[in-house]
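Structure record follows, encoded as structure tokens.
The values are calculated or read from the model by the stated rules, or taken from the named source; none is laboratory data. What you see is a predicted model; the values in this text were computed from it and never measured. When we count neighbours, we look across all protein chains shown, and the Cβ atoms used for this are built from the backbone with ideal geometry, even at glycine. Ligands, DNA and RNA are stripped out before the accessible areas are found, and what is left, the full protein with its side chains, is counted by its heavy atoms. Shrake-Rupley method; radii C 1.70, N 1.55, O 1.52, S 1.80 Å.
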Amino acid sequence: MADQPGFWDVEERLKAISAKGDPLETLSATVDFEIFRPVLKKTLKRADPSRGGRPGFDPVLKFKMLVLQTMHGLSLEQTEYLVRDRLSWMRFCGLSLGDAVPDANTLWDFREALIRAKALERVFARLDAAIDAAGYTPMGGQIVDATLVCAPKQRNRQDEKAAIKAGRIPEDWQDKPAKLRQKDRDARWTVKFAKARKKEDGTTHTDIAIPTFGYKNHVSIDRRHGIIRKHMTTDAAAHDGARLREGLVDKANLASYVWADTAYRSQENERYLADHGMTSRIHRKKPKGKPMPAHIKRGNATKSKVRAAVEHVFGRQKGGGALFIRTIGIKRAAAAMTMANLVYNMRRWCWLDGRRVPA
């Protein structure tokens, strides 16, 4: 019978993983997860030690598992399994082969506690302060945009849809609590139009309308470093432009310029930016019934070269992060998007550090 693996065998395997370049090791070296401990501890109910029982899992450990879940677009069950299975994930969480691993139910309860205490916003603020202290002060102006994030589609009748839109619970659901728990009454349908490309003869295809059910992740990134500084979550049907005046603009940015697409162009937004000492670089709209003037077209094209940077954020979240809402309700959706924005900022911080020339 082959010898059982010992401590030194595991150490050698981890050394080999490090030699290949473990991104989680880089993340641990960049982000001090202990800065989140005070916030995380406040969300947990203190058990009475006189009653005995096994001590609860470390909150930083559970938070790291939520980070892993978000990084890879996993369910809580998949996250539990892979932390048990992968040595690099164990090391990131500070676990050894003999340590107990929080199960999916424990992670669910922890995440629910974070949502109830609104702790994720404070965690986001602590990370932003740490990034700022590392030398990545928000500067260069900011870019504002939003992206649709899909949620499980709801199959409802027309009368049920009308009741939900009116803010009521459909009558058939009121005496069915199990069904009500599975119905997302916060998400909304919207239609996204994909711009058609020109044909070889110069004509264009018809724009494609894509119905989408879910939510929106609204973000503001600083132009210089590409870090998400402000964010918010709404249903998918919410208008992008109105969010600009609801705290989405980062007033701490050292430059006054604000870039955004035409959805944010309005007299209210232009007044809001001017009143707060900011300079609008928002795309201008095409006049109704008239062709786009050449100078406005050139101006929009120049702005697009800057504004395109925000698409990289959404591409990273929906690509490697596979951002998708798996839960019911806007509070849990907001938690998922806040975690996605947190993880993006962590990885961006690692990338920015990697570009620095060693002293």
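For segment 34-140, the list of trypsin sites (Lys or Arg not before Pro) that fall in a loop by DSSP and count at most 13 other C-beta atoms within 10 angstrom reads Lys45, Arg46, Lys118. Backbone geometry of segment 303-317 corresponds, through the Karplus equation with coefficients 6.51, -1.76 and 1.60 at θ = phi - 60°, to 3J(HN,Hα) couplings of 5, 5, 5, 7, 5, 4, 4, 5, 5, 5, 4, 5, x, 5, 5 Hz, x marking Gly and Pro. Output needed: percent of Cα pairs per 10 Å distance bin for segment 59-127, bins running from 0 to the one holding the longest distance. Percent of Cα pairs in each bin: 20, 54, 23, 2. Modelled label positions at Arg86 and Glu121, each set 7 Å beyond Cα in the direction of Cβ, lie 3.2 nm from each other.
The alpha carbon radius of gyration of segment 99-148, expressed as a multiple of 2.2 N^0.38 Å, is 1.67.
Could you tell me the distance between the Cα centroids of segment 51-125 and segment 275-300, to the nearest Å? For segment 51-125 versus segment 275-300, the Cα centre distance is 47 Å. Distances between placed amide hydrogens fall under 5 Å for Ala252 paired with no residue 5 or more residues away or on another chain.
In order along segment 121-137, the phi-based Karplus estimate (6.51 cos²θ - 1.76 cosθ + 1.60, θ = phi - 60°) of 3J(HN,Hα) comes to 5, 6, 5, 4, 5, 5, 5, 4, 5, 5, 5, 4, 5, 7, x, 9, 5 Hz; Gly and Pro are listed as x.
Assign one of three labels to segment 284-359, namely rounded, prolate or oblate, based on the Cα gyration tensor with a ≥ b ≥ c the square roots of its eigenvalues; rounded applies when a/c is under 1.5, prolate when it is not and a/b is larger than b/c, and oblate otherwise. Note, shape of segment 284-359 comes out oblate.
Normalised by residue count, segment 107-187 yields a Cα convex hull volume of 166 Å³ per residue. Just need the relative contact order of the chain here, percent rounded to a whole number, with Cα pairs under 8 Å and 6+ apart. Contact order relative to length: 20 percent. Overall, the accessible surface of the chain at a probe of 1.4 angstrom is composed of carbon and sulfur to the extent of 52 percent.
A helix-only calculation puts the chain at -14000 deg cm²/dmol for mean residue ellipticity at 222 nm, using -39500 (n - 2.57) for each DSSP H run of at least four residues, averaged over all residues. Each of Ala100 and Ser75 was given a label point 7 Å from its Cα along the Cα-to-Cβ line. The distance between the two points is 2.4 nm.
Dipole orientation for the chain: of the candidates Ala322, Asn345, Asn156, Asn156 has the Cα lying most toward the positive pole (charges on Cβ; Lys, Arg +1; Asp, Glu -1). Remark on Val149: its backbone amide H falls under 5 Å from those of Tyr215, Lys216, Asn217, a criterion applied only to residues 5 or more positions apart or on other chains, H modelled at 1.01 Å from N. The calculated FRET efficiency for the pair Asp353 and Lys153, based on their C-beta separation and a Förster distance of 51 Å, comes to about 0.80.
Stokes-Einstein, applied to the Kirkwood radius of segment 245-337 over Cα pairs at a viscosity of 1.306 mPa s and 10 °C, places its translational diffusion at 100 µm² s⁻¹. Couplings 3J(HN,Hα) of segment 248-260, computed from phi: 7, 7, 8, 7, 8, 5, 6, 10, 9, 6, 10, 9, 6 Hz, in residue order, whole Hz [Karplus 6.51 cos²θ - 1.76 cosθ + 1.60, θ = phi - 60°; x for Gly and Pro]. How would segment 126-283 be classified by its alpha-carbon gyration tensor: rounded, prolate or oblate, with rounded meaning a/c under 1.5 and the a/b versus b/c comparison settling the rest? Oblate.
Give the residues of segment 71-109 whose amide nitrogen is closer than 20 Å to a point set 7 Å from the Cα of Ala16 in the direction of its Cβ. Counting backbone N atoms under 20 Å from the label point, the list is 83-92, 96-98. Against the empirical 2.2 N^0.38 Å (N residues), the chain has a Cα radius of gyration ratio of 1.14. Considering only Ile169, Tyr272, Thr147, the residue lying farthest towards the positive end of the dipole of the chain is Tyr272, judged by Cα position with unit charges set on Cβ. Placing pseudo-labels 7 Å out from each Cα toward the beta carbon at Asp172 and Ala255 gives an inter-label distance of 5.5 nm.
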